[in-house]
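So the structure is just underneath, and the comments pick up after that.
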Amino acid sequence: MPPFVIRGETFAFTADPFTGPAEVAYAYDSDGAVVIDGGRIIETGTAAAVLARHPGIRVDHYPSHLIMAGFVDCHIHYPQTRVIASYGKQLIEWLNTYTFPAELAFADPAHAAEVAEVFFAEVLRNGTTTVSSYCTVHPQSADAFFVGASKRNMRVAGGKVLMDRNAPPGLLDTPQSAYDDTKALIARWHGRGRNVYAVSPRFAPTSTPEQLEAAGAVWREHPGTLMQTHVSENAKEIAWVHELFPDAPDYFGVYERFGLAGPGANFGHAIHLSKRERAALQASGSGISHCPASNTFIGSGLFDLAGFTQNAVPAGLATDIGGGSSFSMFATMRTAYEIAQLRGHSLHPVQAYYLASLGSARVLRMEHQIGNLAPGYEADVIVLDPRSRPILAERVSVARSIEDVLFALIILGDDRAVKAVYVAGEKVG
Ligand SMILES: [Zn+2]
């Protein structure tokens, strides 16, 4: 495909809005242009300057629309696509009542492929161009995930979950099969196209110490892969971990003990960590996935975002479908804002978009590939319509700044605001 231009109101990050003032951490151009060639962004600038340098180039022009990097959802469960909006349970009962029965069906590769199709269509419709997904215990569920992503040329991370206790027999592997299957899946998918493998022990309660040991070993043996798991989401879960691992200092200490912390480790939730756990997590270089709409929906608690970002812990934003109640990163940013408000702190809109794109990319160690609109980045780009709903158009008509428009979109936007989606420079919706 010859080079082409996406023209509109461009928005890009120029700095981390958590380590300096958010107001100066971005560049906005009311008539900007992004030049794309070979699936990458090769140039950005004002439309006038860019078009003068590239006479006759194809231009996809979106007047009065925002052009930015696609959203990155750094913690999601694709097999739980149909579990979304299930009533009345908290974490452990949630898993037993809804999640585990749904995941049993993924032993069937045809079912896995069918749900993966629905899943990828839904994330792209919402402007999310990268996910890091848990699959089920079945290796074929990971195959279906990576096949679906590869078909769309999306940059994704994912992995089969490891669980060898405290779940129905049909969802259990063993330390050895977890190790062998993970190794085989890494060989099959990691680094193939835009796929990245994430070693995925579900969480400490569903793995024996022997299996966590195996998970640590396989992760260590494959540098460049990621590790994802859950930590400290819910009070009952934490008490259970203390019972199951009486020798560990605390929940995070279980993962540390088995070599499951460090750069490239992605911990979901991290709501109720002790002072020691916070310090250890920060010192390890691990990242955190903040899953606000899951935390409120399942009733888990109010994450201390400000506490972590002040200490420069890599943090991203995630839907945690099916615990989360929406595939939309607007809804996710909105709930992150509301949780921060409840904790006495106002999340700046530029910080929210950062978490939902470049921040999540940083958790996945992809911050030099995706999550921003800058030369050299892969061309995962979304086009947003800040007038996609009557009430949003009304609100934006009195907006005082681009930050005001971005905030209105967070609060009032949904999938209708996603006008176009480009994956590796290819328009997919
Ligand atoms: Zn989760």
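The values are calculated or read from the model by the stated rules, or taken from the named source; none is laboratory data. Since the model is a prediction, treat every value here as computed from it, not as a measurement. FYI the Cβ positions are ideal-geometry reconstructions off the backbone, even for glycines, and counts take in every protein chain you see.
Quick look at the values:
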quantity: Some residue of region 214-224 being surrounded by 22 or more Cβ atoms within 10 Å (Cβ to Cβ) and either touching a residue at least 60 places away in the same chain (Cβ under 8 Å) or acidic (Asp, Glu) (or both); calculated: no
quantity: Pair list, Cβ < 7 Å and 6+ apart or interchain, from region 150-171 residues that are acidic (Asp, Glu) to residues that are surrounded by 21 or more Cβ atoms within 10 Å (Cβ to Cβ) and at pLDDT 95 or above; calculated: Asp164/Asp173; Asp164/Ala178; Asp164/Ser207; Asp164/Gln211
quantity: Region 73-107, residues that are among the charged types (D, E, K, R) and crowded, with 18+ Cβ neighbours inside 10 Å; calculated: Asp73, Glu103
quantity: In region 292-313, the residues that are away from the ligand (no atom under 16 Å from the Cβ) and not aromatic (Phe, Trp, Tyr); calculated: Leu302, Asp304, Leu305, Ala306, Gly307, Thr309, Gln310, Asn311, Ala312, Val313
quantity: Every residue from region 172-199 that is among the charged types (D, E, K, R) and either within 30 Å of Tyr377 (Cβ to Cβ) or free of Cβ contacts under 8 Å to residues at least 40 places away in the same chain (or both); calculated: Asp173, Asp180, Lys183, Arg188, Arg192, Arg194
quantity: Residue that is surrounded by the most Cβ atoms within 10 Å (Cβ to Cβ) [pool: residues in region 24-41 that are under 24 Å from Val418 (Cβ atoms) and β-branched (Val, Ile, Thr)]; calculated: Val34
quantity: Considering residues of region 43-88 that are over 30 Å from Arg365 (Cβ atoms), touching a Gly at 6+ places or on another chain (Cβ under 9 Å) and among the charged types (D, E, K, R) only, the residue farthest from the ligand (Cβ to nearest atom); calculated: Arg53
quantity: Every pair of residues 6+ apart whose Cβ atoms lie under 8 Å, when the first sits in region 364-390 and is part of a strand (DSSP E or B) while the second is among the basic types (Lys, Arg); calculated: Glu378/Arg40; Glu378/Arg155; Glu378/Arg194; Val383/Lys419; Leu384/Lys419
quantity: Near pairs, Cβ below 8 angstrom, 6+ apart or cross-chain, from region 290-310 (outside the structural domain of His269 (by TED's automatic domain parsing)) to any residue that is away from the ligand (no atom under 16 Å from the Cβ) and assigned to a loop (DSSP other than H, G, I, E, B); calculated: none
quantity: Selection count, region 1-23, where residues are among the acidic types (Asp, Glu) and surrounded by fewer than 19 Cβ atoms within 10 Å (Cβ to Cβ); calculated: 2
quantity: Filter result for the condition that a residue is within 20 Å of Ala102 (Cβ to Cβ), in a helix (DSSP H, G or I) and modelled with pLDDT of 95 or more, over Ser326, Ser294; calculated: Ser294
quantity: Among residues of region 36-93, those that are hydroxyl-bearing (Ser, Thr, Tyr), assigned by TED's automatic domain parsing to the domain that holds Val123 and outside any loop (DSSP other than H, G, I, E, B), counted; calculated: 2
quantity: Selection status of Gly316, within 13 Å of the chain's Cα centre (by Cα), in the same structural domain as Glu122 (by TED's automatic domain parsing) and in a loop (DSSP other than H, G, I, E, B); calculated: no
